[in-house]
Amino acid sequence: MIAADLIARRVASGGEVARGRTQAFFDAWGADRQAFETFLLRSFQGELTPYYVSTVARGLASSTSDVDVIVVTDDPEVRRTPLSSMLFYANRRVGAKVISRSEIRSCLALVGEQLQRWRAEGRCADAPLPLKWVDLERVVNGATFVGEPEFLHALPDISLWTAVGSRRSFVGYRFCCAIAVRAGQVEAARVYGEAALAAAMDTVLAICGDVQWNTKWTFERWRRLPRAELSGDAAEAARSITEAHARILAAATSEAKAGVKDLLASLGPEVLFPEPRRDGARLKLGTDVAVHPFLPSAQILQSDAGATVLHPADLAAGLAVASAEIERLTPETARTTLELIQRGYLRVSHEDLVDE
Amino acid sequence: MNDPVTPAERSVAAGAGPVFARSMLELVEGYWAAFVHLQNCLEDVAGSDGRLDYLQALRLKVLAEVEAVDSALAGSAAAADQVHAAARAVEQGLPTLQVSAGVLCERLLLQAAPGTAGDLEAALIEVGELVLGQLAGELPAAQGRSGQREIIRALRLWSSAAEVRGHDLGFLGARLQDL
């Protein structure tokens, strides 16, 4: 379902769009771009490639946005350069970060391996990357100070990887929405509904090559999605999601909020990803959570190390829950299960995931 | 050791009941959540330039951040992620800060059809300031020009108070690195 032509056009543009947005930002700001770049790089000595990233490179910057820069290098001298976390230039906060080129390449190789596995088996592991996902996404989408971007070629893989992850989030929040409705918590259901919609939007945006880590921009990016360029399944998914979003935002009564569950069901992940994938979700124990019968029922013990112990009776009903079984929960059990999920004692596991 | 906070270490914000934290560590955690994360979020709100879609996304984040402040002051474990934190806030309110779920939902325009960007921006700032206003003393403006100085001053004050009470606030060093 990846909109390969859209992504290919973006890669072929060689970063022209990001450079244009960056220049537009400086024009609106009224600051001298060359002077800014001289100021920022004055402390660095050695081989480096700086990128404007985040809202500046994306054309999302407001009148008060920070200017975020990532400096890519493998030069040990550059990596040792001390950076202040409180830089200001012409009354704007400047965020600068140095990351390793070799680590970027390792991340991209790892993502490529996981995607091969996903394509072949329909499963992928939630493997940790050497760099934070936010930094990887930013540098792929960034605008260089000079020259062509080095990692834009990775956009197809980053887009598909993000789409797989966002779809997983959609399934998880949809699951929580259904439990919240069963628990009689319609306000929470609406929150989960909005979060699920945001994840659905991120899935379609990623399919079109628009990838961003920070979800606070998702609705704004959705509004800017060029619908006229979409066709087939992507266009249909965009239309369905937009309609659902409007209805969720307008949900002011308890009935409407409880109805969010059905809205999300109509969006089923097959709309977002019409490929033959398993699509269930079920609950599993959270990380570092142990179950031990030597604990009074409904007592939850949390150690300083973060390990948590639960009585098996409190888990029995919750752990039996898969997507299709939520209606069999009693409202009280649904409330307990939801609280355990919210506190991290249980987690929603997408059945595509291999838990390693 | 979780000793009760002494009268000298707490004060009452005008119009609200006292916020009782069980220990110095919980107070510090709550203040950190407030002046770093909640204030950062409110800064995003103030810089929205009237973008309604952006503000709608920030509404969930404001809910999550006020819940985080409340949970920290109560010594409760943080929610598994921001969405879960926001979901808890709209159902349970902020019990430590004595803000009911009903008040939160009403103030954040969750009981009515979507308003204008101006309405939502004002609502988010109001709720944020409602929470910040209940925290006694001066909150460092972490994101401003003098933010670094203010944070360091706050850390020194907290360290002095912690030393008197025998607490170890070494974890704050890592927090400063994250800023």
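What to note about this one:
- Calculated P(r) of region A:10-59 - Cα pairs past 12 Å, %: 69 percent
- Above 20 Å, the calculated P(r) of region A:145-223 contains 41 percent of its Cα-Cα pairs.
- Interface between chains A and B: roughly 3400 Å² of accessible area buried, both sides summed (probe 1.4 Å, protein heavy atoms only).
- Rounded accessible area of A:Glu121 (nearest 10 Å², 1.4 Å probe): 110 Å²
- Counting only Cβ charges, +1 for Lys and Arg and -1 for Asp and Glu, the dipole size of region A:1-123 around its Cα centre is about 280 debye.
- Solvent accessible area, Å² - A:Thr64, 1.4 Å probe, full protein context: 80 Å²
- Charging the Cβ of each Asp and Glu at -1 and of each Lys and Arg at +1, and nothing else, the dipole of region A:94-186 about its Cα centre rounds to 420 debye.
- Pairwise centroid distance, computed over Cα atoms, of region A:202-248 with region A:93-141, Å: 23 Å
- Which of A:Thr333, A:Thr218 is most accessible, then next, and so on - probe 1.4 Å: A:Thr333, A:Thr218
- Largest accessible area first, the listed residues B:Arg149, A:Arg182 line up as B:Arg149, A:Arg182 when surface is computed with a 1.4 Å probe on the assembled protein chains.
- Set of lysines with alpha-carbon distance to A:Lys261 below 26 Å, sequence-local pairs under 8 removed: A:Lys216, A:Lys284, B:Lys61
- Volume per residue of the C-alpha convex hull in region A:54-99, rounded to whole Å³: 71 Å³
- Accessible surface, 1.4 Å probe, highest first, among residues B:Ser76, A:Ser65: B:Ser76, A:Ser65
- Kirkwood-based shape ratio for region A:1-123, expressed as Rg/Rh from alpha carbons: 1.04
- Residues in region A:59-84 occluded by at least 20 Å² - accessible area, probe radius 1.4 Å, against chain by itself: A:Ser62, A:Ser63, A:Thr64
- Length-normalised contact order of region A:42-109 in % [C-alpha pairs under 8 Å, at least 6 apart]: 33 percent
- In Å², nearest 10: area of A:Lys216 left accessible to a 1.4 Å probe: 30 Å²
- Cross-link partners of A:Lys97 among lysines (Cα-Cα below 17 Å; sequence separation of 8 or more within a chain): A:Lys132
- Trypsin sites (Lys or Arg not before Pro) within region A:60-152, DSSP loop, no more than 10 other Cβ atoms inside 10 Å: A:Arg80
The values are calculated or read from the model by the stated rules, or taken from the named source; none is laboratory data. Here the structure is a predicted model, which is why all the values come from computation and not from measurement. When we count neighbours, we look across all protein chains shown, and the Cβ atoms used for this are built from the backbone with ideal geometry, even at glycine. When the accessible area is computed, the model is the full protein with side chains, heavy atoms only, and any ligands, DNA or RNA have been set aside. Shrake-Rupley method; radii C 1.70, N 1.55, O 1.52, S 1.80 Å.
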